[in-house]
Amino acid sequence: MLKSKKKLVIDQIQSIYSEYSTFIVVRYQGLNTSDLSVLRSSLREIQSSFKIVKNSLSIRASVNSNIDHISQMLKGPVGIAYSHDPISLAKKVISFSDTKENLKVMGGVIDKEFYDADKVLSLSKLPSLDEIRSDIVSTLSFVPSNLFGVLKHHTSEIVRVMEAYSSRGD
């Protein structure tokens with residue numbers, strides 16, 4: 001590869017490192033092109049991407065971007081999945097690695113903090129941001145209806161007590 005082309009590739013990887021906060025490094029040895037295309041398209045669904053990188057160039061870009069942790073995972077044929085949403089990315093990558101055993105999660109970097117493969121797996125088991133939002137909305141919508149039911153029930157009891165007092169003539 002020409003030196004000028006290497007510089008362009010390093011700049012491209014460096015821009016990915018500076019633009020995104022979540023990176024999951026995977027070893028893809030044994031996967032064919034169609035498998036990687038399926039991975040890429042599933043990641044696009046969550047506004048994420050996947051890039052196969054040349055390790056030496058990616059290491060240079062990571063040093064320039066202060067993401068030194070990623071360099072320890074760059075051994076052998078690897079690719080980097082990247083996104084702004086760490087949980088959704090972890091869910092997609094782990095789900096894909098469950099169906100394709102040749103895809104091995106090496107680890108990740110989230111907000112410049114190193115995550116080993118076990119931590120990435122744990123992260124994938126957390127609810128996504130959309131699931132959390134949905135839970136909050138359903139909880140908040142349940143509270144007023146439940147409160148109304150309690151107030152309605154107690155209001156009718158108060159009315160009955162008042163009717164009982166008025167019928168006694170007190």
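Here, each number is a calculation from the coordinates, and none is a lab measurement. From a predicted model like this one, the values you see are computed outputs, not experimental measurements. Here the Cβ is made from the backbone with ideal geometry for all residues, glycine too, and neighbour counts use every protein chain on show.
For the residue pair residue 84 and residue 55, what label-to-label distance in nm results when each label sits 7 Å from Cα along the Cα-to-beta-carbon direction?
Distance between label points: 3.3 nm.
Testing the spin-label approximation: label points 7 Å from Cα along Cα→Cβ at residue 19 and residue 167. State their distance in nm.
Placing both labels 7 Å along Cα→Cβ, they lie 7.6 nm apart.
Read through the labelled values (1) 22, 19, 14; (2) 43, 23, 17; (3) 56, 16, 12 and report the label of the one computed as semi-axes √(5λ) of the Cα gyration tensor in Å from the structure.
Read-out taken from this structure: (3).
Taking the Cα centre as origin and putting +1 on Lys and Arg beta-carbons and -1 on Asp and Glu beta-carbons, what dipole magnitude results for the chain, to the nearest 20 debye? Each step should come with its number before you reach the end.
Values: 22 positive and 18 negative charges, 221 e Å.
Once rounded to the nearest 20, the dipole reads 1060 debye.
Defining a contact as two alpha carbons under 8 Å apart and six or more residues distant in sequence, what relative contact order in percent does the chain show? Please report the intermediate quantities before stating the final value.
Working: 203 pairs, mean separation 44.2, N = 170.
Here the relative contact order equals 26 percent.
Only helices at least 18 Å long along their own axis, judged from Cα atoms, and with Kyte-Doolittle mean hydropathy of -0.5 or greater: name those in the chain from DSSP H.
Numbers: long enough: 3-19 (24 Å, -0.69); 86-99 (20 Å, 0.40); 129-168 (59 Å, 0.10).
Length and hydropathy pass: 86-99, 129-168.
What net charge is computed for the residues neighbouring residue 109, neighbours being all others with C-beta under 13 Å from the C-beta of residue 109, Lys and Arg scored +1, Asp and Glu -1?
On the way: positive: 112, 119; negative: 68, 111, 113, 116.
Value of the local net charge: -2.
How high is the FRET efficiency between residue 75 and residue 45 when r is their beta carbon distance and R₀ equals 25 Å, given to the nearest 0.05? Show your work: numbers first, answer last.
Numbers: r = 29 Å, r/R0 = 1.17.
Rounded to the nearest 0.05, the efficiency is 0.30.
What residues of region 47-65 lie in the reach of a label at residue 35, counting those whose backbone N is under 20 Å from a point 7 Å from the Cα along Cα→Cβ?
Of the residues in region 47-65, 49-55 have backbone N under 20 Å from the label point off residue 35.
Given DSSP loops and a limit of at most 10 other Cβ atoms within 10 Å, what is the longest stretch of the chain that contains no such GluC sites (Glu not before Pro)? Kindly include the intermediate steps, with their values, before the conclusion.
Working: sites that count: 45, 101.
Maximal segment without exposed cleavage sites: 102-170.
Could you tell me the calculated FRET efficiency between residue 12 and residue 140, based on Cβ-Cβ distance and R0 = 30 angstrom, to the nearest 0.05? Before the final figure, lay out the partial values.
Details: r = 44 Å, r/R0 = 1.46.
The formula returns an efficiency of 0.10 here.
Please list, in chain and number order, the residues 5+ apart from residue 115 or on another chain whose amide H is under 5 Å from its amide H, with Hs placed from the backbone.
For residue 115, the qualifying residues are 108, 109, 110.
P(r) tail for region 80-137, what percent of Cα pairs lie past 17 Å? It would help to have the intermediate numbers written out before the result.
Details: 621 of 1653 pairs.
It works out to 38 percent of all Cα pairs.
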